[in-house]
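Remarks on the structure that follows.
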Protein chains: 2
Amino acid sequence: MKAARSSPLAAYLSMLRTGPALRTAYTHLFSRQPGVDRNVAERFRLQCRSSAFGGQTSGRVPGFVQANLVAVPQKHAFSFLRFCLANPRACPLLDVTAPGDPTPRTVAHTADLRTDLPKYWVWHDGAVADERQDVVDVWCDEMVGFLLGCSFSWEQALQEAHLPPRQIEENCNVPMFRTSLSNLPVQPFGGNLVVSMRPYLPSQLSAVAAITGRYPGAHGAPIHWGDPHEIGVCIEGDPDWGDRVSVRESEVPVFWACGVTPQEALREAQLPFAITHAPGHMFITDLVDNEILIPSLA
Amino acid sequence: MKAARSSPLAAYLSMLRTGPALRTAYTHLFSRQPGVDRNVAERFRLQCRSSAFGGQTSGRVPGFVQANLVAVPQKHAFSFLRFCLANPRACPLLDVTAPGDPTPRTVAHTADLRTDLPKYWVWHDGAVADERQDVVDVWCDEMVGFLLGCSFSWEQALQEAHLPPRQIEENCNVPMFRTSLSNLPVQPFGGNLVVSMRPYLPSQLSAVAAITGRYPGAHGAPIHWGDPHEIGVCIEGDPDWGDRVSVRESEVPVFWACGVTPQEALREAQLPFAITHAPGHMFITDLVDNEILIPSLA
């Protein structure tokens, strides 16, 4: 067994905390790959639109990029967009709609964000007030939709590399934990980073980090592995979201930034009104997973 | 001489034009490198603040990242930010301020964008109305400042690789041209891509593209080389901005997206009010050029 590389946590924290962190934003541009039948994504969305499907999307429409939805009134859209840019590991932007336009024209030009997810949460004053299968009647002209990448995009790649995520082996939801790490606040949005956890052997960490690091649009590489207490997490009890999974002899917990983070930011911001997907009930884009892959970094 | 690789233009156009272009946004996070004396950047900004310096910044404070400034009222900030994300080659984001805050906290936490550039343009209704050395009296509480990367960041690297940009050899300004390529519009911002041009031998193109491609925060790799008419440009006459440079036997013109592009977008948007740097009179950040370098792509 190779020795484990040290956790990337120090790099993550240094980026957040050593004086004003220096960063630049840029966008990776992708062309559609030829020969992909994208109708399957549209057909799935139409099933949601007609309420024929209202379940969780894990494992559905395999190969297509799934996305977290956050929709806020235009008044808060600039701040939320800056929050996403400041916290790209938790909030990797896939698309931002024009105010009032329910179609995410970059990632699914035939979709309607008001109907095409299987289940929504409607938020009032920072709390979930309603769960429903469409939001047509509450999506006002001023709403802006944000689609954020999701770790489903690389779980298939991990399986193909014989590194299956534990929750897939155990047929349950990935465990998620609220950490003690503050997000970079952009008023009124703040809150703490939420992470998902998958256990691996120390000898597997390099491969796991390299594979997932090629998907910055889907949270990218782990932000920490090893002692959970370093990020204020206890993995012995029940997770804050999702299900408990077994951690076997010699394995270490590996933590990735998670798309539940923006929901924590919404909670803290106490916006009068917002809309998100219901956890696990994601938006299916027209993108396929290897279209958001970046080249290996030398 | 190696055969020239074909121009990257087809890839650029396909990204823009083949159906809805697919893209994802993400941010590269950098920590300050230790041992860099950043006081020299601050001292230069203080010279601008006191109006002791009011000239062009090319070659000033070598090694530090220079940036284009665009400032618009908060009302237009969300649209302009989306425009930058949609057109990252022309508008690579280095920092976005909070509304009313004149300090770009990511790239220069002691700076004041109202005073620390050597020269500003004040725009009314899409036209330059005034040129001045500070904008304290017109920077209202609602202004949002955007700092966008600039090709100065990689010109030193080209020189060190014995690939000096021609305008440096000829001691003049880089020639810039308005192309026939539309930017991806985000209302009210649109306009055409503006490019800078540097001539190179076909055998040099691979190296030139590889070096500049590592600076996505500074326009990145060329968007075209070869026949200028393919992008609606004529290099025989005077450029639209900057100076004419000589193109020698066997050389081909190489074109990069240019930071004048957002000024064209401002012109087209006819905003009642906006502020930019005066061309060539850039903002000096606390970043050093190799802090915005990304790893080589394998």
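Could you identify the single residue in B:Gly237, B:Gly242, B:Gly213 that is surrounded by 18 or more Cβ atoms within 10 Å (Cβ to Cβ) and either more than 13 Å from the chain's Cα centre (by Cα) or not basic (Lys, Arg) (or both)?
Matching residue, one of B:Gly237, B:Gly242, B:Gly213: B:Gly242.
In the list B:Val254, B:Val194, B:Val208, which residue meets the criterion of being buried (at least 22 other Cβ atoms within 10 Å of the Cβ) and either of a type in the set (Lys, Arg) or under 30 Å from B:Cys140 (Cα atoms) (or both)?
B:Val194 is the lone residue from the list that is buried (at least 22 other Cβ atoms within 10 Å of the Cβ) and either of a type in the set (Lys, Arg) or under 30 Å from B:Cys140 (Cα atoms) (or both).
Which count do you get for residues in region B:277-298 that are within 14 Å of chain A (Cβ to nearest Cβ), part of a loop (DSSP other than H, G, I, E, B) and not hydrophobic (A, V, I, L, M, F, W, C)?
2
What is the number of the single condition among (1) within 14 Å of chain A (Cβ to nearest Cβ); (2) closer than 26 Å to B:Ala221 by Cβ; (3) not in a loop (DSSP other than H, G, I, E, B) that B:Leu69 does not meet?
B:Leu69 satisfies all of (1) within 14 Å of chain A (Cβ to nearest Cβ); (2) closer than 26 Å to B:Ala221 by Cβ; (3) not in a loop (DSSP other than H, G, I, E, B) except (1).
Taking the stated definitions as given, is A:Pro262 surrounded by 22 or more Cβ atoms within 10 Å (Cβ to Cβ), assigned to a loop (DSSP other than H, G, I, E, B) and touching a residue at least 60 places away in the same chain (Cβ under 8 Å)?
no
In region B:171-183, what count of residues is obtained for those that are surrounded by fewer than 17 Cβ atoms within 10 Å (Cβ to Cβ) and at negative phi?
Total meeting the criteria: 3.
Would you point out which residue out of B:Leu201, B:Leu271, B:Leu266 is among the hydrophobic types (A, V, I, L, M, F, W, C) and more than 30 Å from B:Pro118 (Cβ to Cβ)?
Values: B:Leu271 fails: more than 30 Å from B:Pro118 (Cβ to Cβ); B:Leu266 fails: more than 30 Å from B:Pro118 (Cβ to Cβ).
Result of the check over B:Leu201, B:Leu271, B:Leu266: B:Leu201.
Just one of (1) small (Gly, Ala, Ser); (2) under 23 Å from B:Ala265 (Cα atoms); (3) within 14 Å of chain A (Cβ to nearest Cβ) trips up B:Ala129, so point out which.
Going through the list (1) small (Gly, Ala, Ser); (2) under 23 Å from B:Ala265 (Cα atoms); (3) within 14 Å of chain A (Cβ to nearest Cβ), B:Ala129 breaks only (3).
Select, from A:Leu163, A:Leu147, A:Leu94, A:Leu158, the only residue that is surrounded by fewer than 23 Cβ atoms within 10 Å (Cβ to Cβ) and either at pLDDT below 95 or under 18 Å from the mean Cα position of the chain (by Cα) (or both).
A:Leu158
Here's the yes/no breakdown for (1) under 16 Å from B:Trp121 (Cβ atoms); (2) outside the structural domain of B:Val72 (by TED's automatic domain parsing); (3) over 16 Å from the mean Cα position of the chain (by Cα):
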{"residue": "B:Phe255", "(1), (2), (3)": "no, yes, no"}
{"residue": "B:Pro272", "(1), (2), (3)": "yes, no, yes"}
{"residue": "B:Pro279", "(1), (2), (3)": "yes, no, no"}
{"residue": "B:Phe283", "(1), (2), (3)": "yes, no, no"}
{"residue": "B:Ile294", "(1), (2), (3)": "no, yes, yes"}
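State which residue pairs qualify: first residue at pLDDT below 95 and inside region B:35-55, second residue acidic (Asp, Glu) in any location, beta carbons under 7 Å apart, and separation of 6 or more residues or different chains.
Partner pairs satisfying both residue conditions: B:Arg38/B:Asp286.
Please verify whether B:Ala274 is within 14 Å of another protein chain (Cβ to nearest Cβ) and either in contact with a helix residue (DSSP H, G or I) (Cβ under 9 Å, 6 or more places away or on another chain) or among the hydroxyl-bearing types (Ser, Thr, Tyr) (or both), treating the condition exactly as stated.
No; evaluated as a whole, the condition is false for this residue.
Against the condition more than 8 Å from chain A (Cβ to nearest Cβ) and in a loop (DSSP other than H, G, I, E, B), how does B:Pro88 come out, does it pass? So that I can check it myself, show each step before the final result.
Details: more than 8 Å from chain A (Cβ to nearest Cβ): no; in a loop (DSSP other than H, G, I, E, B): yes.
No: the conditions fail for B:Pro88.
Could you tell me which numbered condition A:Gly59 fails, if it satisfies all but one of (1) surrounded by fewer than 23 Cβ atoms within 10 Å (Cβ to Cβ); (2) modelled with pLDDT of 90 or more; (3) more than 25 Å from B:Pro88 (Cα to Cα)?
Among (1) surrounded by fewer than 23 Cβ atoms within 10 Å (Cβ to Cβ); (2) modelled with pLDDT of 90 or more; (3) more than 25 Å from B:Pro88 (Cα to Cα), the lone unmet condition for A:Gly59 is (2).
Scan (1) crowded, with 24+ Cβ neighbours inside 10 Å; (2) under 22 Å from A:Asn173 (Cβ atoms) for the single condition A:Gly220 breaks and write down its number.
(1)
When the residues of region B:103-126 are filtered to those that are within 14 Å of chain A (Cβ to nearest Cβ) and within 20 Å of the chain's Cα centre (by Cα), which remaining residue is surrounded by the fewest Cβ atoms within 10 Å (Cβ to Cβ)?
Within region B:103-126, the match that is surrounded by the fewest Cβ atoms within 10 Å (Cβ to Cβ) is B:Arg105.
Can you name the residue in region A:207-237 that is of a type in the set (Gly, Ala, Ser) and assigned to a loop (DSSP other than H, G, I, E, B) and is also nearest to A:Pro253 (Cα to Cα) among such residues?
Result: A:Gly226.
Quick one: would you say B:Val195 is of a type in the set (Val, Ile, Thr) and more than 14 Å from chain A (Cβ to nearest Cβ)?
Criteria met by B:Val195.
State the number of residues belonging to region A:127-178 that are out of contact with any Asp or Glu (no Cβ under 7 Å at 6 or more places or on another chain), more than 27 Å from A:Ala210 (Cβ to Cβ) and not in a loop (DSSP other than H, G, I, E, B).
Within region A:127-178, residues that are out of contact with any Asp or Glu (no Cβ under 7 Å at 6 or more places or on another chain), more than 27 Å from A:Ala210 (Cβ to Cβ) and not in a loop (DSSP other than H, G, I, E, B) number 10.
Does B:Ala77 satisfy being at the interface with chain A (Cβ under 9 Å from one of its Cβ atoms), touching a helix residue (DSSP H, G or I) at 6+ places or on another chain (Cβ under 9 Å) and part of a helix (DSSP H, G or I)?
Yes: the conditions hold for B:Ala77.
Among the numbered criteria (1) in contact (Cβ under 8 Å) with a residue 60 or more places away in the chain; (2) over 22 Å from B:Val65 (Cβ atoms); (3) out of contact with any Leu (no Cβ under 6 Å at 6 or more places or on another chain), which single criterion is violated by B:Ala274?
(3)
Given the criteria small (Gly, Ala, Ser) and either more than 12 Å from every other protein chain (Cβ to nearest Cβ) or in a strand (DSSP E or B) (or both), does A:Gly59 qualify?
Spelling it out, A:Gly59 is indeed small (Gly, Ala, Ser) and either more than 12 Å from every other protein chain (Cβ to nearest Cβ) or in a strand (DSSP E or B) (or both).
So A:Leu266 passes all but one of these: (1) modelled with pLDDT of 90 or more; (2) within 22 Å of A:Leu163 (Cβ to Cβ). Which condition number does it fail?
Failing condition for A:Leu266: (2).
The values are calculated or read from the model by the stated rules, or taken from the named source; none is laboratory data. These figures come from a predicted structure and were not determined experimentally. Glycine also receives a Cβ, built like all others from the backbone with ideal geometry; neighbour counts cover every protein chain displayed.
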